[in-house]
Amino acid sequence: MQSMDLFVCRQGSFFNLVAMIRLFKIKDQRKEEAANANGRAPAKKQSAGELRLHKDISELNLPKTTTIAFPNGKDDLMNFEISIRPDEGYYLGGTFTFTFQISASYPHEPPKVKCKTKVYHPNIDLEGNVCLNILREDWKPVLNINTVIYGLNLLFTQPNDEDPLNHEAAAVLHDNPRLFETNVRRAMAGGYVGNTYFTRCI
C-alpha cells in the first residue's frame, strides 16, 4: 500500500489521477467551507498555472517506462517527480528520477526539470541539468507535462551527441559507440567512469 502522503501512478494502474485531483478539490472545498463557517478568511484561489497543471496531470498518458510521484502530497502538486526505466537502448534497465518544479506562470514558462540520478549521458550533465530543446527555446504554452515526459524518454532511447551538456560523453558516443555503451553500463552498475563515480541505478 502506498503511504497517503506519497502518490504514485503508472498508466493502467489501479490509481486514477483524475480521481485523485477531484478528491483534492473536494477536500480543499470542504476546508474552505469549514474556514468560512468559523469566520476565517477564505482559502487562497488557485493560480492559472495551478489550474493548467491540474488539467495536464488529469490528462497524463504515461509511457509504460514511466511513473509519477507527488512526494509532498496534495498540498504541493507544483513539485513532483517522474522516474524513467528505459526498456531499450544503452540505458536499458536503469532507473532515472527527475524533479519537476512548476511556476505560477506555467504554461508561459516551461517546467524546471533536473535529473536526481547521476547519469553518464551526453545531454544530462553531472549536476543534473537537462539539455532538451522544449525546456528552453522551443517551449510553447500549447506544450504540456506529457510532452516533456515523452521528450525525457527520448533522451534515453536516442541520446544526442550534437547538442551536449556532457561533452566528454558526447565525444565518446560520436567516436566510439561501443566504448560509450561500456561506460554507460559501468556507471549504471555503480562505479567510476574516468574520475567520476556514479551510484548504482540498475
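Among residues belonging to the stretch 66-84 that are on the phi < 0 side of the Ramachandran plot and over 12 Å from the mean Cα position of the chain (by Cα), point out the one that is most open to solvent (accessible area, probe 1.4 Å).
75
Total residues in the stretch 149-163 satisfying the condition of being outside any helix (DSSP H, G or I), open to solvent by 30 Å² or more (accessible area, probe 1.4 Å) and in contact (Cβ under 8 Å) with a residue 40 or more places away in the chain: the figure is 2. Each residue in the stretch 85-102 was checked for being within 16 Å of residue 145 (Cβ to Cβ) and open to solvent by 30 Å² or more (accessible area, probe 1.4 Å), and 2 pass.
The values are calculated or read from the model by the stated rules, or taken from the named source; none is laboratory data. What you see is a predicted model, and the numbers here were worked out from it, not measured in a lab. Note: ideal-geometry Cβ built from the backbone for every residue, glycine included; neighbour counts use all protein chains shown. With ligands, DNA and RNA removed, areas are computed over all heavy atoms of the protein, side chains included. Shrake-Rupley method; radii C 1.70, N 1.55, O 1.52, S 1.80 Å.
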